[in-house]
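Chemist: Mind looking over this structure? Questions follow.
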Amino acid sequence: MLYRDALKKAIDELMEIDDTIVILGEDVGFYGGNYRVTDGLFSKYGEKRVIDTPIAENSIVGNAIGMAFGGLRPVVEIMTVNFSLLAYDQIVNQLAKIRYMSGGDICIPLTIRMPQGVAKQLAAQHSQSFERIFASIPGLKVFTASDSITAYYGLKQAILSDDPVIFLEHLLLYSQDFLFYEINDFDITKQRIVKSGENITLVSCLKILHDSLEAVKEVEKKLGITVEVIELTSLSPLNLDLVYESVKKTKRLVVVSEEPKTGSFTSEIITKVMENCFYYLDAPPLRITAEDTPTPYNRKLELFSIPTPDKIATKIINWGREHGL
Amino acid sequence: MNKSLAEKFYYYMKLGREFELRAKEEYMKGNIGGFLHLAIGEEGTHVGAILGFGNGEFFVHYRDHVYAIARGISPKLLMAELFGKITGVSKGKGGSMHFYSSKFNFYGGNAIVGAHIPHAVGLAYAKKYLGKSDGVMVAFGDGSTNSGNFYESLNLAAVYQVPLLFFCENNYYAIGTRIDRVSAFKDLYKKAKDYMIAIQIDGMDVFEVYRAVSLAKEYIQEEGKPYFIEALTYRYESHSMSDSGDYRSPRELKIAKEKDPIDNLLKKAFKESLLTKEFVEEIDRKVEIEIEEAVEFALNSKEPDLEELYKDIFCED
Ligand SMILES: Cc1ncc(C[n+]2csc(CCOP(=O)(O)OP(=O)(O)O)c2C)c(N)n1
Ligand SMILES: [Mg+2]
């Protein structure tokens, strides 16, 4: 199932049974969504439930918060994560705080979906990844969707949650076709093992997870070992039990992300693993990220600035050899 | 209207159009990547505004090619930027949406809708503070007139009393959403008229745009106050290189094209004997050569070294 169809299926199925669910965003209605996720929903549910907004991100989120006060369950689409910064005040000062400041009186069941990441030559203002920007704010749940399974089940869980959820998607995944099957007890907050292995634990999410999986084939061949790959599906709450368990078995940790290195969310994962598994580790954790630069337009430089399957493989192989694999 | 002005209009509009038609072609060939927002159909608005304004700093959103051309930045540097080459006007780091040249007082090329408008207010403030009188112009789309940045800027420009020309190019659409579906006013100049003089003009007529902008320039310089122009225009192509386009009817497009700014200019200029057929043919040849040279320059230029990734982040490296 296409990733974008999985997202739509989740929204559509819930809208069918719950008419308090409304969608808001730029070009989400009549136009069908910039990435076609909401295509067809405007004609099916009408303009009162699929609301085309002006380019006014702060008001989109602000209005959605008010709608939630009024008993609606809004699903906001911010066209890309880059523009969420125009709504950052509403997200951080309002959305994340109100339940707490009201002593638990007010719930805000609001989901903000948005794609992030480096696509292809969109330049610095359109290529960012913001795991750290949202996951570091108490009061927000932050989920990611790396394939059609997490897209469908994860988004349903997000929309049904009575808390605010930031739901991160990736620009390059929308037209990818992923295996889809039914799962009965899916819980996005638990993280997810996508491939088991014995000698290295690799943690990643979104598009770079798939690049990592590709790299892992090469790593396993070259080093003659197996790698366990864990999809980080929930950055907040951050339950890393699966990762700890895995690291205690493999004794080695690699974290791969498209964020620039310094202060990236990889730091948080490594810190937690060090706090919990220090004595189990046979090697210093390896962190593979984008460079600490804005993203350049030129394609060669752009690819140089982010991890690619080749680079991920080489880095892991060199690191593995250096540390006894 | 004089002859030399009409000649300039034709030259820059033709150069702008051919530049973009060629850019489209090169995009299809894979020589250009990312977003490519074409202004084909909007040349009267872009060229009339730049020439009418003359000196002074200029800000614009991502639909910036024709503005940059009218500003006099070499098509070679612009094409090389689209090709991502080190010789490009932003060293291949910005691309189509981010043409910058302080030498030409050209401050982008901004890809965050509405975000450059406050910059223009600030620059106008700085100029007033420093006692410089040539004003600032900021161009932006209809879509940004619904954003907080826009309203905050109208207010502050009026509070600070700065020489700033707000230039709204209303092409009726923000990507696939028609302006009247998301704006309380269809006539966008009305949003500004309580803050400053605000007018609406026909952006398909380069003479009218030029006239209105030069008068506005005089006003902001003499009075030291902001001014607002809404130019009604139309883009023929899709929003970027990749939308479905079916949010506009073929009929709507056809009607818009009947007012084509270049045809419009020629018709008027021939009638009033401002341009000759020979001149037009000569310009067409000249433009063809310039575009060819620009593409050649772009093709033959080097890609940035990998080291470039780490350069230009700070002034002091
Ligand atoms: C803050 C922000 N939100 C959303 C976008 C995505 N976006 C890019 S262009 C655009 C439409 C802008 O339309 P308009 O201002 O009318 O300019 P035009 O493209 O018509 O020249 C949108 C929504 C963006 N770049 N920035
Ligand atoms: Mg527009």
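The values are calculated or read from the model by the stated rules, or taken from the named source; none is laboratory data. Predicted model only: the values in this text are computed from it and were never measured. A quick note on method: Cβ atoms are made from the backbone with ideal geometry, for glycine too, and the neighbour counts reach across all protein chains shown.
Chemist: Only one of B:Ser244, B:Ser273, B:Ser249, B:Ser301 is crowded, with 16+ Cβ neighbours inside 10 Å and either at pLDDT 95 or above or within 14 Å of chain A (Cβ to nearest Cβ) (or both); which?
Modeler: That would be B:Ser301, the only listed residue that is crowded, with 16+ Cβ neighbours inside 10 Å and either at pLDDT 95 or above or within 14 Å of chain A (Cβ to nearest Cβ) (or both).
Chemist: Among the residues that make up region B:173-186, is at least one of them among the basic types (Lys, Arg), closer than 19 Å to B:Phe59 by Cβ and within 15 Å of ligand 2 (Cβ to nearest atom)?
Modeler: First, pick out the residues of region B:173-186 that are among the basic types (Lys, Arg): B:178, B:181, B:186.
Now narrow it down to the ones that are closer than 19 Å to B:Phe59 by Cβ: none.
Within region B:173-186, none of the residues are among the basic types (Lys, Arg), closer than 19 Å to B:Phe59 by Cβ and within 15 Å of ligand 2 (Cβ to nearest atom).
Chemist: Among A:Glu258, A:Glu220, which is the only one that is among the acidic types (Asp, Glu) and without any contact (Cβ under 8 Å) to a residue 40 or more places away in the chain?
Modeler: Every option except A:Glu220 fails the conditions.
Chemist: Then there's this: Quick check on my filter: what residues within region A:292-310 are surrounded by fewer than 16 Cβ atoms within 10 Å (Cβ to Cβ) and in contact with a strand residue (DSSP E or B) (Cβ under 8 Å, 6 or more places away or on another chain)?
Modeler: Listed by number, the list holds a single entry, A:Asp292.
Chemist: Go through region A:1-117 and tell me which helices (runs of 4 or more DSSP H), entirely inside it, have 3 or more residues that are among the small types (Gly, Ala, Ser). Reasoning before the result, please.
Modeler: Numbers: elements: A:3-17, A:41-45, A:57-69, A:98-101.
Correct list: A:57-69.
Chemist: Please state which one of A:Glu13, A:Glu26, A:Glu57 is within 16 Å of ligand 2 (Cβ to nearest atom) and at pLDDT 95 or above.
Modeler: Going through A:Glu13, A:Glu26, A:Glu57 in turn, the sole match is A:Glu26.
Chemist: If you take the residues in region B:45-66 that are among the small types (Gly, Ala, Ser) and in contact with a Lys or Arg (Cβ under 9 Å, 6 or more places away or on another chain), which one is modelled with the lowest pLDDT?
Modeler: The residue in question is B:Gly56.
Chemist: B:Lys128 - would you say it is touching a residue at least 60 places away in the same chain (Cβ under 8 Å) and within 14 Å of chain A (Cβ to nearest Cβ)?
Modeler: no
Conditions tested, residue by residue: (1) surrounded by fewer than 22 Cβ atoms within 10 Å (Cβ to Cβ); (2) farther than 23 Å from A:Ile306 by Cβ.
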position: A:Leu160; (1), (2): yes, yes
position: A:Ile188; (1), (2): no, yes
position: A:Leu209; (1), (2): no, no
position: A:Val216; (1), (2): no, no
position: A:Lys221; (1), (2): yes, yes
position: A:Ser246; (1), (2): no, yes
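Chemist: Just name the residue that is surrounded by the fewest Cβ atoms within 10 Å (Cβ to Cβ) out of those in region B:133-161 that are of a type in the set (Asp, Glu) and within 14 Å of chain A (Cβ to nearest Cβ).
Modeler: Among residues in region B:133-161 that are of a type in the set (Asp, Glu) and within 14 Å of chain A (Cβ to nearest Cβ), the one surrounded by the fewest Cβ atoms within 10 Å (Cβ to Cβ) is B:Glu152.
Chemist: Does B:Ala294 satisfy the criteria of being closer than 17 Å to B:Leu21 by Cα, in a helix (DSSP H, G or I), in contact with a Phe, Trp or Tyr (Cβ under 9 Å, 6 or more places away or on another chain) and within 14 Å of another protein chain (Cβ to nearest Cβ)? Spell out the reasoning first.
Modeler: Working: closer than 17 Å to B:Leu21 by Cα: yes; in a helix (DSSP H, G or I): yes; in contact with a Phe, Trp or Tyr (Cβ under 9 Å, 6 or more places away or on another chain): yes; within 14 Å of another protein chain (Cβ to nearest Cβ): no.
Considered against the rule, which asks whether it is closer than 17 Å to B:Leu21 by Cα, in a helix (DSSP H, G or I), in contact with a Phe, Trp or Tyr (Cβ under 9 Å, 6 or more places away or on another chain) and within 14 Å of another protein chain (Cβ to nearest Cβ), B:Ala294 comes out as no.
Chemist: Any chance you could count how many residues in region B:51-69 are more than 16 Å from ligand 1 (Cβ to nearest atom) and closer than 28 Å to A:His126 by Cα?
Modeler: 2
Chemist: Taking into account only those residues within region B:204-235 that are more than 16 Å from ligand 2 (Cβ to nearest atom), within 24 Å of B:Glu272 (Cβ to Cβ) and β-branched (Val, Ile, Thr), which is farthest from the other protein chains (Cβ to nearest Cβ)?
Modeler: Top of the filtered list is B:Val206.
Chemist: List the residue pairs whose Cβ atoms are under 9 Å apart, where the first residue sits in region B:162-181 and is within 8 Å of chain A (Cβ to nearest Cβ), the second is of a type in the set (Asp, Glu) and more than 9 Å from ligand 1 (Cβ to nearest atom), and the two are 6 or more positions apart or on different chains.
Modeler: B:Ile175/B:Asp243; B:Gly176/B:Asp243; B:Gly176/B:Asp246; B:Thr177/A:Asp52; B:Arg181/A:Glu47; B:Arg181/A:Asp52
Chemist: Just one of (1) at pLDDT below 95; (2) surrounded by fewer than 24 Cβ atoms within 10 Å (Cβ to Cβ) trips up B:Ala115, so point out which.
Modeler: The one condition B:Ala115 does not meet is (1).
Chemist: Among the numbered conditions (1) within 16 Å of ligand 2 (Cβ to nearest atom); (2) without any contact (Cβ under 8 Å) to a residue 60 or more places away in the chain; (3) under 18 Å from B:Glu230 (Cα atoms), tell me where B:Val121 comes up short.
Modeler: (1)
Chemist: In addition: Only one of B:Ala198, B:Ala184 is surrounded by fewer than 18 Cβ atoms within 10 Å (Cβ to Cβ), in contact with a Lys or Arg (Cβ under 9 Å, 6 or more places away or on another chain) and among the small types (Gly, Ala, Ser); which?
Modeler: B:Ala184
Chemist: As an exercise: evaluate B:Tyr195 against (1) assigned to a loop (DSSP other than H, G, I, E, B); (2) touching a Leu at 6+ places or on another chain (Cβ under 7 Å); (3) within 30 Å of A:Gly33 (Cβ to Cβ) and give the number of the one condition it does not meet.
Modeler: Going through (1) assigned to a loop (DSSP other than H, G, I, E, B); (2) touching a Leu at 6+ places or on another chain (Cβ under 7 Å); (3) within 30 Å of A:Gly33 (Cβ to Cβ) one by one, B:Tyr195 breaks only (3).
Chemist: Among what's in region A:295-309 and is more than 7 Å from every other protein chain (Cβ to nearest Cβ) and touching a residue at least 60 places away in the same chain (Cβ under 8 Å), pick the residue that is farthest from A:Glu214 (Cα to Cα).
Modeler: Checked region A:295-309; the qualifying residue farthest from A:Glu214 (Cα to Cα) is A:Thr295.
Chemist: Another question, if that's okay. Which of the residues that make up region B:84-110 are hydrophobic (A, V, I, L, M, F, W, C) and either more than 10 Å from chain A (Cβ to nearest Cβ) or buried (at least 24 other Cβ atoms within 10 Å of the Cβ) (or both)?
Modeler: Across region B:84-110, the qualifying residues are B:Val89, B:Met97, B:Phe99, B:Phe104, B:Phe106.
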